[in-house]
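> Sharing a structure, written as structure tokens. Questions coming.
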Amino acid sequence: GVRTEAECAAVADAVAGARTLRLAGVAGYEGEVPDADPERVHAWLRRLVALAVEFDKAGRFDGLEEIVLSAGGSAWFDAVADVFAEVPDLSRPVLKLLRSGAYVSHDDGHYRELTPFNRVPEEGALEPAFRLWSQVVSRPSPEQAFTNAGKRDAAYDLHLPFAQVVRPADGGPERPATGVEVTGLSDQHAWLRTSGEADLAVGDWVGAGLSHPCTSFDKWQLIPLAQADGTVVDYIRTFF
């Protein structure tokens, strides 16, 4: 990766000088723009578009059927759509590629806070699709419990899982996980703090929301797809 237009040109020159490579377009990632706000992100994206325009004028895309222009994490895809709509006509059709992968599952933490729908609530929202179910395996005190899911199962790089619902082991109705908080993860266990409101027993199931889809998907090669009542109807294969 490079940070300046001059460095981009140097990479393009190197590609042009290699017999086994061809420059297909321009790509960038706006998600790490320092002190990101709409103005800074839009400005950075316009630099990316200007670079593609400059490269096209210089003939760097000669011989292509289309020019790839790619950006877009899951926090600023609205800005990418705005700026990519302004792309002028180039010498070839432009494939505008948006790479906002977190939309597939959304989450209950990081992207709930950052989603562009927070800026345009009138357009609706994304709903989190991940829920991690684990079973209470120990209740050593009224203030603590442990379940059988840990770092091998749940994303934890940005937030710990969020306890949301409880399914009693006796088959009773699902209820909110009131008074239950995940405070830590071991390799294969979650540490739960429980208050006096928590009606939690060994054998109960705790459903938790997750934060950060990328580090959730990479822990599961096969993810069950379930209906609202918990019935598994399919499986999703991942390739991380």
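The values are calculated or read from the model by the stated rules, or taken from the named source; none is laboratory data. Predicted model only: the values in this text are computed from it and were never measured. Here Cβ is always computed from backbone atoms with ideal geometry, including for glycine, and neighbour counts include all displayed protein chains.
> If we keep just the residues of the range 50-73 that are within 24 Å of the chain's Cα centre (by Cα), surrounded by 21 or more Cβ atoms within 10 Å (Cβ to Cβ) and at pLDDT 95 or above, which is farthest from residue 111 (Cα to Cα)? First the steps, then the outcome.
Our first condition is that a residue be within 24 Å of the chain's Cα centre (by Cα); within the range 50-73, this holds for 68-73.
After this cut, where a residue has to be surrounded by 21 or more Cβ atoms within 10 Å (Cβ to Cβ) as well, the list is 69, 71-72.
Pick out the ones that are also at pLDDT 95 or above and you get 69, 71.
Numbers: 69: 24, 71: 17 Å.
Step by step, filter the range 50-73, then rank; the result is 69.
> Just checking, does the range 153-162 include any residue being of a type in the set (Ser, Thr, Tyr) and at pLDDT 95 or above?
As a first pass, look at the range 153-162 and keep what is of a type in the set (Ser, Thr, Tyr): 156.
When the remaining residues are screened for being at pLDDT 95 or above, the result is 156.
Within the range 153-162 (the criterion being of a type in the set (Ser, Thr, Tyr) and at pLDDT 95 or above), the answer is yes, since at least one residue qualifies.
> Based on this model, can you work out whether residue 228 counts as at pLDDT 95 or above, exposed (fewer than 14 other Cβ atoms within 10 Å of the Cβ) and not acidic (Asp, Glu)?
Values: at pLDDT 95 or above: no; exposed (fewer than 14 other Cβ atoms within 10 Å of the Cβ): yes; not acidic (Asp, Glu): yes.
No; evaluated as a whole, the condition is false for this residue.
> Anything in the range 104-124 that is in contact with a helix residue (DSSP H, G or I) (Cβ under 8 Å, 6 or more places away or on another chain), free of Cβ contacts under 8 Å to residues at least 60 places away in the same chain and surrounded by 14 or more Cβ atoms within 10 Å (Cβ to Cβ)? List them, or say none.
Just the residues of the range 104-124 that are in contact with a helix residue (DSSP H, G or I) (Cβ under 8 Å, 6 or more places away or on another chain), to begin with: 105-107, 111, 116-117, 119-120, 123-124.
If we keep only those that are free of Cβ contacts under 8 Å to residues at least 60 places away in the same chain too, we end up with 116-117, 120, 123-124.
Scanning the range 104-124 gives 116, 117.
> While we're looking at this one, here's another question. If residue 140 meets every condition in (1) exposed (fewer than 14 other Cβ atoms within 10 Å of the Cβ); (2) under 19 Å from the mean Cα position of the chain (by Cα); (3) not aliphatic (A, V, I, L, M) apart from one, which number is that one?
Going through (1) exposed (fewer than 14 other Cβ atoms within 10 Å of the Cβ); (2) under 19 Å from the mean Cα position of the chain (by Cα); (3) not aliphatic (A, V, I, L, M) one by one, residue 140 breaks only (2).
> State which residue is surrounded by the most Cβ atoms within 10 Å (Cβ to Cβ) when the search covers only the range 187-225 and only residues that are small (Gly, Ala, Ser) and over 23 Å from the mean Cα position of the chain (by Cα).
So in the range 187-225, the residues small (Gly, Ala, Ser) come out as 190, 195-196, 198, 201, 203, 207-209, 211, 216.
Imposing the further condition that a residue be over 23 Å from the mean Cα position of the chain (by Cα) reduces the set to 195-196, 198, 201, 203.
On the way: 195: 11, 196: 8, 198: 20, 201: 13, 203: 12.
For the range 187-225, the residue satisfying everything is 198.
> Looking only at the range 14-31, which residues are over 20 Å from residue 90 (Cα atoms), surrounded by 10 or more Cβ atoms within 10 Å (Cβ to Cβ) and of a type outside the set (A, V, I, L, M, F, W, C)?
Of everything in the range 14-31, those that are over 20 Å from residue 90 (Cα atoms), surrounded by 10 or more Cβ atoms within 10 Å (Cβ to Cβ) and of a type outside the set (A, V, I, L, M, F, W, C) turn out to be 29, 30, 31.
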